[in-house]
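The values are calculated or read from the model by the stated rules, or taken from the named source; none is laboratory data. Note that the coordinates shown come from a computational prediction; the quantities given were computed from them, not determined experimentally. Cβ atoms come from the backbone with ideal geometry, glycine included; neighbour counts cover every protein chain shown. These area figures cover heavy atoms from the full protein model, side chains too; ligands, DNA and RNA do not enter into them. Shrake-Rupley method; radii C 1.70, N 1.55, O 1.52, S 1.80 Å.
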Amino acid sequence: MASKDKKTPNTNAKSGGKKKEVKKETGLGLSNKKDENFGEWYSEVVVSSELIEYYDISGCYILRPWSISIWEAMHDFFDAEIKKMKIKNCYFPLFVSPGVLQREKDHIEGFAPEVAWVTKSGSSDLEIPIAIRPTSETVMYPYYSKWIRGHRDLPLKLNQWCNVVRWEFSHPTPFIRSREFLWQEGHTAFATKEEADTEVLEILELYRRIYEEYLAIPVIKGKKSELEKFAGGLYTTSVEAFIPNTGRGIQGATSHCLGQNFAKMFEMNFENEKGERAMVWQNSWAYSTRTIGVMVMVHGDDKGLVLPPMVASVQVIVIPVPYKDADTKAIFDACSTTANMLSKAGFRVEEDFRDNYSPGWKYSHWEMKGVPLRIEIGPKDVANNQVRVVRRDNSAKIDIPMSTLVEQVKDILASIQQSLFDAAKQKRDEHIKVVHTWDEFVEALNQKKMILAPWCDEEDVEKDVKARTKGEMGAAKTLCSPFDQPELPPGTLCFASGKPAKKWTYWGRSY
Ligand code: 87F
């Protein structure tokens, strides 16, 4: 093992590296506290838990196996679900020719500064510079146009798992805002708007499930305002999460109905059943590695990462606790037996048999990495045919007889998954404030709340709210209008304009 890894739980610890050398228990972990120094805490957690390593290009990060395994857990779920929906995977090139990119120039205008270009090969300039995909509409749709001829070619439902590059200039944050990130992008084309509308919501439901069932993070499903929607589309739906420590909302994933805008630009039309030319209806949808950042921010604590069991590549870590004069072999054998038993039962288990680290060091290490359950086995446990189980989320310790271990581990992991969600939801809900007036709105914003307010749904009013709340912390904007709308009694007025309100909308500062 590389000497760097040995430093994990305690960046100040001596990491000498000689085998056999038993490390002192330092009890040290993170040097920043989540509630005192959130930004620094986050930067420290993502590195110390071995999710990422910083890279020498700003805004780019190395995703280490620990983060990729989380990405894979979500991938496996989502990929299987979209296959049930008859969506097929494909792969289009990373590069975009400038001509095609320009074809959607209306909506790309705002995004243009973020597009990265390849201008040289070796030392010679390319005759025509080549763009790197920031998203793949312009890459894919010329071929959709070619492949879609008649109504029998529809629906065309493709997805790709890939990287994209957006040369952001605002402050980069690992997972949350990076210049290259991983995502899946789905691009589908239908004969009718009804089919497209249905799919938008089916995909959004999968995104809700990724957040709520896998990452244990409550989200709000809703529709984006005209100002905040994807400009190239007809309407945008999203799942919105909330980071209590910063009081910011964060868009978790988006599912767009593109309408026929791109069909016009890229001439995606087909002969319908009546023999007439018709234009396709399209959707596009994506979630990215940002999901992992939201998970770290919501569940992490002062000991490091906290992984929901559903996405943990190691759900249970087994650690031998040998004492002087104790029968070490019996302890190690009990660890292996335990790990094998749990592994056979379908849990993701590992043993930490390294002999150059003390049990205490190992406890801190696996706590830092967020493993949901730790099993400690010492001489007393061997004698009693039991193990000691410690929960990462609440530090509860339980002695469990080997005879009921499998069932109990199953129950405890389920309970951890549920508790994480419940705790996150309770905290999120405490930060939601319903307001009716501008003064209440400003007060709630200063208290870092996510605000639910009746709104007239006018773009000028939204722009005005942005302008009036501009400041060091960033302006407030609409997050979404929840599908689940509270009752809006007749006569309710917009909190910002005083005009009749049309809907309830979530507002807040956001990432
Ligand atoms: C940055 C540079 C160039 C976002 C960009 O949300 C273009 C864009 O089109 C751009 N940043 N977007 C919008 C992406 C829309 C849409 N694409 C497919 C999605 C889901 C997946």
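Using the Cα atoms as the points, what is the convex hull volume per residue of the stretch 56-151 in Å³?
Cα convex hull per residue, to the nearest whole number: 176 Å³.
Computed over the Cα atoms, what is the radius of gyration of the stretch 284-423 divided by 2.2 N^0.38 Å, N being its residue count?
So the Cα radius of gyration is 1.10 times the expected 2.2 N^0.38 Å.
In what sequence, highest mean first, do 321-331, 230-240, 67-77 appear when ranked by Cβ atoms within 10 angstrom? Present the calculation step by step, with values, prior to reporting the outcome.
Numbers: 321-331: 13.2, 230-240: 21.3, 67-77: 18.2.
In descending order of packing, they fall as 230-240, 67-77, 321-331.
For the stretch 57-97, list log₁₀ I(q)/I(0) at each q in 0.14, 0.33 Å⁻¹, using the Debye formula over Cα point scatterers of equal strength and ignoring solvent, two decimals each.
-0.56, -0.98
Can you tell me the mean projection area, over all orientations, of the convex hull of the chain's alpha carbons? Units nm², please.
One quarter of the hull surface, i.e. the mean projection, equals 29.0 nm².
Rank-order 216-222, 205-211 by packing density, defined as the average count of other C-beta atoms within 10 Å over each peptide's residues, highest first.
216-222, 205-211
For the chain, which cysteines have no disulfide-compatible partner, meaning no other cysteine Cβ under 4.7 Å?
Cys60, Cys90, Cys162, Cys257, Cys335, Cys480
Using the heavy atoms of the protein chains and a 1.4 angstrom probe, tell me the accessible area per residue for the stretch 382-511 in square angstrom. Intermediate results must be reported in sequence, preceding the final value.
Details: 6780 Å² over 130 residues.
Counting only protein heavy atoms, the per-residue value for the stretch 382-511 is 52 Å².
Can you sort Trp183, Trp117 by 1.4 Å-probe accessible area, starting with the largest?
Trp117, Trp183
Might you work out the accessible area of Trp504 for me, using a 1.4 Å probe with all protein chains in place, and round it to the nearest 10 Å²?
Counting only protein heavy atoms, Trp504 exposes about 20 Å² to solvent.
Sequence-distant or interchain residues sharing an amide H contact under 5 Å with Tyr287, placed H: which?
Gln184
Under the classification rounded if a/c is under 1.5, otherwise prolate if a/b is larger than b/c and oblate if not, where does the stretch 316-364 fall, given a ≥ b ≥ c as square roots of the Cα gyration tensor eigenvalues?
oblate
So what is the orientation-averaged projected area of the stretch 334-396, using the convex hull of its C-alpha atoms, in nm²?
4.6 nm²
If the viscosity is 1.306 mPa s and the temperature 10 °C, what translational diffusion coefficient in µm²/s does Stokes-Einstein give for the stretch 148-250 when Rh comes from Kirkwood over Cα pairs?
The diffusion coefficient I find is 98 µm²/s.
What is the Å³ per residue value for the convex hull set by the Cα atoms of the stretch 352-511?
Per residue, the Cα convex hull of the stretch 352-511 comes to 161 Å³.
Given a 1.4 Å probe and every protein chain left where it sits, what share in percent of the accessible area of the chain is carbon and sulfur?
Carbon and sulfur together cover 51 percent of it.
If I ignore ligands, DNA and RNA and count only protein heavy atoms, how much of Ile148 is accessible to a 1.4 Å probe, in Å² to the nearest 10?
Taking all protein chains as shown, Ile148 has close to 0 Å².
Could I get the Rg over Rh figure for the stretch 424-472? Both from C-alpha atoms, Rh via Kirkwood, rounded to two places. Mind dumping the intermediate values first?
Details: Rg = 11.8 Å, Rh = 11.8 Å.
In the stretch 424-472, Rg relative to Rh is 1.00.
For Met265, what accessible area in Å² do you get when you roll a 1.4 Å probe over the heavy atoms of the protein chains, rounding to the nearest 10?
We get 60 Å² for Met265.
If you line up the Cα atoms of the stretch 111-175 on their principal axes, what length do they span on each, largest first, in Å?
Rounded to whole Å, the extents work out to 46, 34, 19 Å.
Among the listed pairs Lys105/Lys264; Lys34/Lys229; Lys221/Lys264; Lys105/Lys463; Lys329/Lys380, which have their C-alpha atoms separated by more than 25 angstrom in this model?
Violating the 25 Å Cα-Cα cut-off are Lys34/Lys229; Lys221/Lys264.
From largest accessible area down, sort Asp429, Asp35; use a 1.4 Å probe on the protein chains.
Asp35, Asp429
Convex hull over the alpha-carbon atoms of the stretch 87-208: what's its volume per residue in Å³?
Numbers: hull volume 17.9 nm³, N = 122.
Hull volume over Cα atoms, normalised by residue count, gives 147 Å³.
Could you tell me whether the stretch 450-511 comes out rounded, prolate or oblate from its Cα gyration tensor? Rule is a ≥ b ≥ c as square roots of the eigenvalues, rounded for a/c under 1.5, then prolate if a/b exceeds b/c, otherwise oblate.
Cα axes put the stretch 450-511 in the oblate bin.
Can you tell me the order of 469-476, 118-125 when each peptide is scored by its average per-residue count of other Cβ atoms within 10 angstrom, highest first?
469-476, 118-125
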